[in-house]
Each structure stands twice: as structure tokens, then as C-alpha cells.
Amino acid sequence: MAAVQPLDTTIGVVTPENIAFEYQLAGPFRRLPAYLVDLAVRWGAILLVGGVAVMFFGLMNLLSSFYGPLAQAVILIAIFLVNWFYGTILEAYFNGRTVGKWLCGIRVIEVDGRPVSPRSALLRNLLRVADMAPVAAIHTWNPDIPPLYVIPTGIIGLVSMTMTQRMQRLGDLAAGTMVVVDERKWQLPIAKVDDARVPALASYIPGDYLITRKMARTLATYVERRHFLTPQRRREVARNLSDPLIQRFDFRKDIDPDLLLYALYYKTFLSESHREPADLGPLAGYSPLAKDAGKPTGIDQSMIPGQPSSPAPLPLPTASDPG
Amino acid sequence: MNVAKLLDKRRVDWTELEKLCEAMELRGRTESVSAKHRGAAGVARFSSLYRAACADLALADAYQLPPNTVTYLHRLVARAHNQLYRTQPASPGGWVRLLLEEAPQRIFNDGCVRVATLVFFGLFALAMVLGASEERFPSFAENICGTKMLEATSASFEKPLSVSPDQYSARAAFYIRHNTGIGLQCFAYGILLIPCLFTLGYNATVLGATFGYMSRSGVEGGDHFFEFVTAHGPFELTAIALSAGAGLRLGVGLFHTRGLSRVESVREAGRQAVPIMAASAVMFILAALTEGFLSPSGAPYLVKVVWSIVSSGLITMYFVILGFPRRESTDTSLVRTARYADLVDSRDPHAGGRVDAT
């Protein structure tokens, strides 16, 4: 199982339904923004509690002087609780997410894929202090500042994350948790074929050609990514697959390799196998077969948009891509 | 098989499942999606949609779905899985059991707690003796704590203890935040071993030297100082040692793996350390409440001494009585209870194995 795993940051989880699905692990660059957001939220919460306490006990103070120190007590306890237990409480009650994790689309889960337990959440959040070590004291550079203010560098957590397979910091290691990407929206991607030549070419692919799973996967990957390539690169990439196919299908040698793969994709994923022939329009009568090379075709070069008019009898010149 | 048609057919279900997931993430229930998803019907619909998506993912290879559709399905199943198998909130009973059953058992058996306790109280006693002997080591306490701090401590205890009662809550809150924070920090640094030992040793030495200095005969405010520390001392000093012990357990787990893989060993150590740390945090809070409300009050010294003795007794009972290794009630025990019906049944020839077991 481990032998065929791709070199990637995905991790498989087997559910009780005996389905294995994959998570993408969240690295430091996704987790740092979440941490910073949480830091802001934490201090916001403390300020809010402090403000409410001061206002409430300020009003009560008119009745008795007892409430001044009480407000102080409330604020101190709030600072203590929020700073140490913010992450624990939110992760335990909101299914492994704090506000920052929610905004950044990440989630804490146990390494075996179960939701994080309150105990694990407690441990991993308490140990954050160790992961933030070593601290850089500001007064190293400016001796006037008292040595109270320190900046956590987080080097220990970073080193631990880079050295473990699941990108865990020390707190994650001790608690047996990991952080995974869990985004809210995912578009369902379907590649659309808007090239009129594709159905035409697809109808000539022999019906006895069986597409293997590996081939189907390769075709889908190719079609998803071909938009990011220039026509020259497309041809260069596609040629490796299309040359044997042209031989196999007995097609003409000058067929655009990119177009052939695209047509194969169309035939595999989009066309109905038993549907009547596609409406070919101006391409009717055209044949890519090698034995038909000398026959006159009904194709009109100018009908295909974006097509450079070439003098040679190339029915499907290679350089155009109207899509 | 036409994939586009299949996708169109299944997409309706997937979109519905996504909507349900979204509603569950935001509100924890499904009824906001539409009227027919209210209550039990919504939950049932969610689970059947989830199972359908699981089946689609399982068959993705057979359907020859394009890779990015498979990726989409992975996300969808993961998202629904997270909603179906949610975190169970901690029950109060669980925390009570953790504190009263698991923690004392661990503390009694944990070597790291013993080491931390020995280090802490050993250094504390040593520093106290060194700080107290004015003739042999006249400058020890000053060198450790600094003259300024010692004089400030001495000056603050010159007058009898009588903090006005309305300051108690603020003081207690300050001690909760400050001391428990130090304890938690000591615990967290335990996974790196050295910072934890340093914090432990530093606190032991400074506290010991201060105690020693204040016990010198010529120092002003010594009586009031000891009156102040008597009440909360047992809880606070034990809590420091415990938190360091829990931290050391983590650090030792990282380095001394006992045949487990390193990651597994740290996890195991983490599992063992949490109850100890929880007990320590409770003690820190009790100490802070004592330090805030009882220690600075003008209550008679006898009350403080009695509370000190009571708290020491409670701690001892907690460690020894609750913590004494208990044998699990397993089948190896010779004495066990059984109902009469079981015994009669076990004579049955078909259950011959059970006769031997009894």
C-alpha cells in the first residue's frame, strides 16, 4: 500500500462504511494565518469581557466600593481562561475548529480520522507554548524595554512539522492529532467540449477500441490541464500517446495529436455510444482515415474560426484552438 | 457508461448533501435546508445521502470518473463524515473520573513525578538551609534573589497581615492567572525537558532562598511572612512539582520510547500526562483561592495552620488512598461473585469449559 502512494501531502482515512477517502494535510503556511486570526480573536474576546466588566461593575460601584476589585478579578480570570483554554473549548465544541481554522478552511482531527476528543484538544493546545519556543526577547536589541515582551519564534513547531509525515507540531504528536484542509466549497468540475471538430473526429474512432481505466484517467487529466498549455506544448505532450493511436486507428499522420486525445476524451466521457451520429455541419463528409486521404472533402477551411488559411490539403490543421 | 449523464444524475444528490453539510456546519441541524429535512427525517436523509456518496466514491474507479470528480467526491465524503461523526462534548462525569480516579493512580505510579518532586523539594530544602545560615553563606540568598527583591519582600511583610476583604477576589484572580500560568508553561516546556527542569529548579531555588532569608533572626517581617505562606504552601508547592512531573513524563516519552515508535511513545506519554496536569491545575486554583482569601486575611494564625494541616492531609489522602494501585477486577482473581443461575448453568455439559474456569 505504501509502495504506490504518491509523493504528496494527502492522507487516507478509512471510514466505518469501509470507504477510504483522502484528506489534504495543512502545512505551516495554512496554519499560521489561522493562528494569527485566533490571536486577534482571543484578545478581542478579552477586551470585550473587560469592557463589559468595567461597564457593569462601574455602574455597581456607585452602590458599593466592593465591585472595583471584583471587576479586576473578572478581567484577570478572563485573560487566564481565554489565553489558555480558547483553543481547547472551541475545538471540543465546534468539531475541531477555532475561528481562525474556520476562516482558513482547516480542521483538527485525530490521526485515525475520528473527530478530535476534548482531551486531545486540551493537550495539543496546552503544548502550543512549547511549539512556540524559543522566544526572542525584545530587550536583546533594545535594553530599555523590560524583558516582559517576548516574541515566540515557533521554530520548534516548524521543525517538528517539517520532520513528521503528517506535518504535526509537538502538541499534535503528543495528542495524536493532525490538521487537515477542509474547505467549504468545491466546484464540481466537468470539462466542456466546445470544439465542433471533436465530435466529428470522435465518430471515426473505431467502436472496438476499449479504453482502459488508466487510459481514461490519463485522458481526463490531460483535458483538465490542456488549457494551461500552449498549442505547441499540447502537441508535444499528446504526441506520445497519439502516435500509437493513429497507427491503431489507421488515421492520417497529420492529425493534430491534441485534437485526437480530446476526441477520445469526448468519446469516453461525454458522448452517447448508441446515439445517432453527431451533427457535423460543415465537417460532413470529412474523413480522417488514411485510406480516404486523397478524396475530396466537404470541409471549408474558412468555416473553422481562428484558422490560418493554409494551402496544403490539411483538413485539420494543427495550430488552431477556437476553445 | 456515459459519465456525463451519470454525473448529472448523481449531482442532484451531491448538491443536496452539500447543502445539508453546510446547514450542519453552521447550526448543527438540518432543518434550515427545506421543510422536509426537519428533525429525524433530515438526519435519515443525510445519512442515506452520505452512504450514497460513499458508494459513488467506492465505485469511482469502475465508473471511470475523471480524477477531479474523484477529488470532489473525496472532499464531499470527508465533509459529510466530519458532520456525521462529530466530537462528543466532554461530560462532567468524565472529568470527575479523570480527577478522582485516573489522576491519583497515575501520580502514585509515575516515576517522573517522583523525580520532579525530589528535584523540587530537594533544591528547595537545600536553598533554604543555605539561605538561612547567616555565618557560613552570608551572601547566598542575596546572590540568588538579588538584594532588592529580598528587601522588598521583607518590607512588604513588616506590618501585620490585614488586607481589606474587598481586595481578596482580585488577589485570588491574580494568583490563579499568574501561578497556574507558570504551572501550565512548565508542563508545556516539559516536552523539551531542559526548559521544564530549568523552570522547576529556578523556582525551587528562589523560593528556598527567600524562605531561608526570611527565617534569619535579624530580618524584619519574618513572622508575618511565614504566617502568610503557611495556608497555601502545601497546595502550591505540590502543584508546581506535579506540573513539572507531568511535563517530564512527556519529554521522557519523546526520548525513552520503551520499544514503541517515537510518535506512539509520545502519544502514550501524553495520555498519561493529562490527568496529572489536570490534578495540578486544580491544586493551583485551590492554592490561589487560599492565597487570595485566607492567607492575607487577619484571621488568627491557628485557622491558617489548621487549614494547612487539613490541606496536607487531603493531598496525602488523595495520593495514597485514591492512588494506591488497585487490582483490576479480572478473571485471574480467585474470589468473584456469581449469580446462582450462572453456577447452575455452568454445570451444563455443553459449557464444560466454564466449570474449569470457576
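Computed from the coordinates by the stated procedures, all read-outs in this text should not be read as laboratory data. Since this is a predicted model, take the numbers as computed values, not measurements. Quick reminder, even Gly has a Cβ in these numbers, built from the backbone with ideal geometry, and neighbours come from all protein chains shown.
How high is the relative contact order of chain B, in percent, with contacts defined as C-alpha pairs under 8 Å that are six or more residues apart?
This gives 21 percent for chain B.
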*When the Cα centres of the stretch B:274-308 and the stretch B:1-58 are compared, how far apart do they sit, in Å?*
55
*Using a 10 angstrom cutoff on alpha carbons, build the Gaussian network for chain B and name the most mobile of B:Ser215, B:Ser297, B:Ser91.*
B:Ser91
*Please work out the C-alpha center-to-center distance from the stretch A:151-185 to the stretch B:86-155 and express it in whole Å.*
31
*asked:* For the stretch B:72-172, take N as its residue count and report Rg(C-alpha) divided by 2.2 N^0.38 Å.
replied: 2.05
_Nonlocal amide H pairs with A:Phe251, under 5 Å, H built at 1.01 Å_ = A:Ala290
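Is the shape of the stretch A:10-181 best called rounded, prolate or oblate, per the rule: a/c under 1.5 gives rounded, else a/b larger than b/c gives prolate, else oblate, with a ≥ b ≥ c the square roots of the Cα gyration tensor eigenvalues? If you can, show how the numbers build up before the last one.
Working: a/c = 3.00, a/b = 1.60, b/c = 1.88.
Taking the square roots of the gyration eigenvalues as a ≥ b ≥ c, the stretch A:10-181 is oblate.
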*Name the residues whose placed amide hydrogens come within less than 5 Å of the amide hydrogen of B:Glu220, ignoring near sequence neighbours (fewer than 5 apart) on the same chain.*
none
*Under a 10 Å cutoff between Cα atoms, tell me which one of B:Cys112, B:Cys145, B:Cys196 has the largest fluctuation in the Gaussian network model of chain B.*
B:Cys145
*Return the loop-located trypsin sites (Lys or Arg not before Pro) in the stretch B:99-143 (DSSP other than H, G, I, E, B) with at most 10 other Cβ atoms within 10 Å of their own Cβ; answer none if there are none.*
B:Arg136
*Which ³J(HN,Hα) values in Hz, rounded to whole numbers, follow from the phi angles of the stretch A:8-24 under the Karplus curve 6.51 cos²θ - 1.76 cosθ + 1.60, where θ = phi - 60° and Gly and Pro get x?*
8, 9, 9, 9, x, 10, 9, 8, x, 7, 6, 10, 9, 10, 10, 10, 9
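Normalised by the number of residues in the stretch A:10-181, what is the relative contact order in percent for Cα pairs under 8 Å and 6+ residues apart?
Value for the stretch A:10-181: 24 percent.
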*Filter the trypsin sites (Lys or Arg not before Pro) in the stretch B:233-294 down to the DSSP loop ones having no more than 13 other Cβ atoms within 10 Å, then list what survives.*
B:Arg258
*Label-to-label distance, nm, for residues given as B:Arg258 and A:Thr164 (7 Å Cα→Cβ offset)*: 2.0
*asked:* Through the Karplus equation 6.51 cos²θ - 1.76 cosθ + 1.60, θ set to phi - 60°, convert the phi angles of the stretch B:256-267 into ³J(HN,Hα) values in whole Hz; use x for Gly and Pro.
replied: 10, 8, 6, x, 7, 6, 4, 5, 5, 5, 5, 4
